[in-house]
1. Could you please find all residues in the stretch 452-473 being within 19 Å of the chain's Cα centre (by Cα) and not hydrophobic (A, V, I, L, M, F, W, C)?
2. Can you say whether V219 is open to solvent by 10 Å² or more (accessible area, probe 1.4 Å), among the aliphatic types (A, V, I, L, M) and within 18 Å of the chain's Cα centre (by Cα), as far as the supplied structure shows?
3. With (1) closer than 30 Å to A461 by Cβ; (2) at pLDDT below 90; (3) open to solvent by less than 30 Å² (accessible area, probe 1.4 Å) as the list, and M90 as the residue in question, which single condition is left unmet?
4. If you go through the stretch 227-243 one residue at a time, how many are assigned to a helix (DSSP H, G or I) and either open to solvent by 10 Å² or more (accessible area, probe 1.4 Å) or out of contact with any helix residue (DSSP H, G or I) (no Cβ under 9 Å at 6 or more places or on another chain) (or both)?
5. If you check L556, L568, L514, which single one turns out to be aliphatic (A, V, I, L, M), touching a residue at least 12 places away in the same chain (Cβ under 8 Å) and more than 30 Å from R54 (Cα to Cα)?
6. Any residue at all in the stretch 442-455 that is part of a helix (DSSP H, G or I) and open to solvent by less than 10 Å² (accessible area, probe 1.4 Å)?
7. Quick test of your reading of the structure: S214 fulfils all but one of (1) closer than 16 Å to T159 by Cα; (2) open to solvent by 10 Å² or more (accessible area, probe 1.4 Å); (3) hydroxyl-bearing (S, T, Y). Name the failing condition by number.
8. From the list A182, A136, which residue is more than 30 Å from G559 (Cβ to Cβ), touching a Phe, Trp or Tyr at 6+ places or on another chain (Cβ under 8 Å) and assigned to a helix (DSSP H, G or I)?
Amino acid sequence: MSAAATLMPLAVVIPIVGAVISPLIAKLNRKLPLIVGMIAMAGSVLVLVPVAGRVYSGSGHVVVHFFSAQHPVHGKLLGIAFAADPFGVMFALLAAGLGGLLLLSLLSEFGGLGEREIGSLACLVQLLLAALIGAALTADTVNLFVWFEVAALSSYGLTGFFLERPIALEAAFKMLVLTSIAGFAVFVGAGLLYSKEGALNFAQLHNALLGGDSRVTLVALALLIAGFGTKAGIAPFHGWLPDAHTPVPGGISALFSGLMVDLGIVAIARLTLQVYGAGSGHALLGLITGLGIASALLGAIMALAQDDLKRLLAWDTVSQMGLLLTGFGSATEAGVGGAAFQLVSHGLFKALLFLCAGSIVHSTGLTKLSEIGGLARRRPITTAAFTVGALSISGVPGFSGYASLSLIHEGLLHEPVIHALALVAQVTTVAALARATWLGFYRRRDEEYEHLERTPLGMRAALIIVGSACIVFGIFPSQFVQRVVGPAASILLHPNGYAHAVLAGSGSVPVSALTFDYGKVSDLVTTAIEIGVGLIVAAVYLRVSEPRPVTWLRRLHTGSVNDYVAYLTGGIVLVAGILLGG
C-alpha cells in the first residue's frame, strides 16, 4: 500500500478531530475555533494533495485503502474501503478547500458570538465537511449511508442554529422530517442490495449485477435514488431546500448549496454509472435524465419568480442540480465530463452568490430585492463578486460556467428534445440572475439605508478568493478538462475498470480523449443566443404581472411538511414504477 493510500483516511479524521476540539478550546479564546478549523481544513487539503498527485498521474489512477487490512479474497470484500478515484478526489478537494474558506467567512461574520456558540458553529461546519470528504472517498453503500447521516445531523444543527427565530426551527424541522425519510430509504436500499447480492462494496456490487437486475435490486435502486435525490434537492424530493436557506446566514447557505447538496448528486452518479452501469438499461438513464430536466426547469422558473434573494438562489440550486443530473444521465464523455466540471463550477459560483447575499443581509438587514438596490455604489466588492457569480452561472465566456455548460450541451446533442429543454432552463436561469443583479445592485436607489454595516474582513477575503477562482477556471479550462475532468468522466463511464482497480487494490482508468476548444463557434453562438434571450426575458418579466403557470407552481409549494412528504412518497412510487416497468 502506497503512502498516499495509507494516509488517505486522515483527510476525514483531521476535520473530525477539529470538530471535537473547537467547542473545548473556545472556552480559552473565542478566536481559537477559527484557528483550529482553518488548520484542520488545511490539513485535510495537505493529505489530499499527494493522493490527487497519484490519482491524476498518467491517464488517471485509483488509490485504495482497506481498513483493518481486510483485503478482497477471490473478488469478495467484507471490510470498509476508501477508493480515491479522479471523480471522488475532485469533489473531496473542492469540499476541503472551499469549505475552509466558508468556515473563515462564517466565523469572521459571527466572531461576536459567545464562546459556546462560536465553538458549536465551528464544530458543526467541520463535521459537515468531514462527511462530504468521506462520502467522496468511500467505496461502499453502508459507509456512504453513514456519511449521509453525519451530514444530515450537522445540517439540522446549522439550520436551527439561531433558536430564537421560529422560522429557523420550522426549516430545521422540515429538513429533519424529509431527510430522515430519505436516510431510511438509503439504508433500506443498501440492505436490500446486501440481502440479494451479499455485497456492500461498489466494485463487488457492480460485478454481481452484471448478470442482470432483479426486481429486488431495482426496488433498492429506486430507494437509493429517492434518498440521495432528496439530499440533492431534485424534484419532487426538493421541498426542504428553499425553506432551509431563508433563516440561515449566507455562509451556511453557501455551504449547503455549494457543497452539501452535491453529496446526493455524487452518490446518484456513482450508483447509476459505476454500480449499475450505463448499460444496465435505458429506463435508468431515462429516469435520471427526466428527473434532471424537470428539476432544471422547475428550479429556474421558480427562481425567476422570487423576490427574496436567498430563496431565488436556493431555487436556482434545484435547477443546477437538475442540470448536473441531466449531464450524468447523458452517459456520454462530454456530458458526464461537463457535469463533473459543473460540480466544481457550481460549488464556486453558488458559494460566491450566497456569500454575497449574506454580506447584503449583514450590511443592510434586508434580503428582498424590492427593498434593496443601489449597492453598486455602496458595496463595490460585493457587487463585483455577485456580478462574477452571475456571469459564471450564465455561462459567459471567461467565467467558470462556460466550459462546463458547453460540454453538457455537447453531450446532450444526441437527445434533441432534452437538449432543447436544457437550453430553455439555461435561458430562464440567465433571466433570473440578470433580474436579481439589476434590482439588487445596479438599480438606482436615492434614499440611504437606515444602517449599513461594514463587511467583515474574513467575508471580504472569501468573496475575493472564490470570485478569483471563478475567473481562473473560466480563463484556463483546457488543462483542467484534460487532466482532471477527462479522467473523472472515464472512471464513471468504465465501471468494469473501476471495479477491477478497487478489488485489485489499485489500477488505472482508460485514457480519456475529452478536450475543450475555447474557440468553437457553435458554443459561442449558442451562448450568445442564450444570454441575449435571457436578458430579454428578464426585461419583460420586470414589466409584467406574474404568469398564471408560475402562480400554479407557487401554490404547489405550500410550505407544509405534510405536502412535501406526500411529494417525496409519490416520487418514490414514481421512480420505482419506472424502473420496474422499464
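The values are calculated or read from the model by the stated rules, or taken from the named source; none is laboratory data. These numbers come from a predicted model, not from an experiment. Heads up, the Cβs are rebuilt from the backbone with ideal geometry, glycines too, and the neighbour counts pull from every protein chain shown. The accessibility values were calculated without ligands, DNA or RNA, using every heavy atom of the protein model including side chains. Shrake-Rupley method; radii C 1.70, N 1.55, O 1.52, S 1.80 Å.
1. Within the stretch 452-473, just G467 meets the criteria.
2. No, not satisfied.
3. M90 satisfies all of (1) closer than 30 Å to A461 by Cβ; (2) at pLDDT below 90; (3) open to solvent by less than 30 Å² (accessible area, probe 1.4 Å) except (2).
4. 1
5. None of the other options fit; the residue is L568.
6. For the stretch 442-455, residues part of a helix (DSSP H, G or I) and open to solvent by less than 10 Å² (accessible area, probe 1.4 Å): absent.
7. The number of the failed condition is (1).
8. So the residue among A182, A136 that is more than 30 Å from G559 (Cβ to Cβ), touching a Phe, Trp or Tyr at 6+ places or on another chain (Cβ under 8 Å) and assigned to a helix (DSSP H, G or I) is A136.
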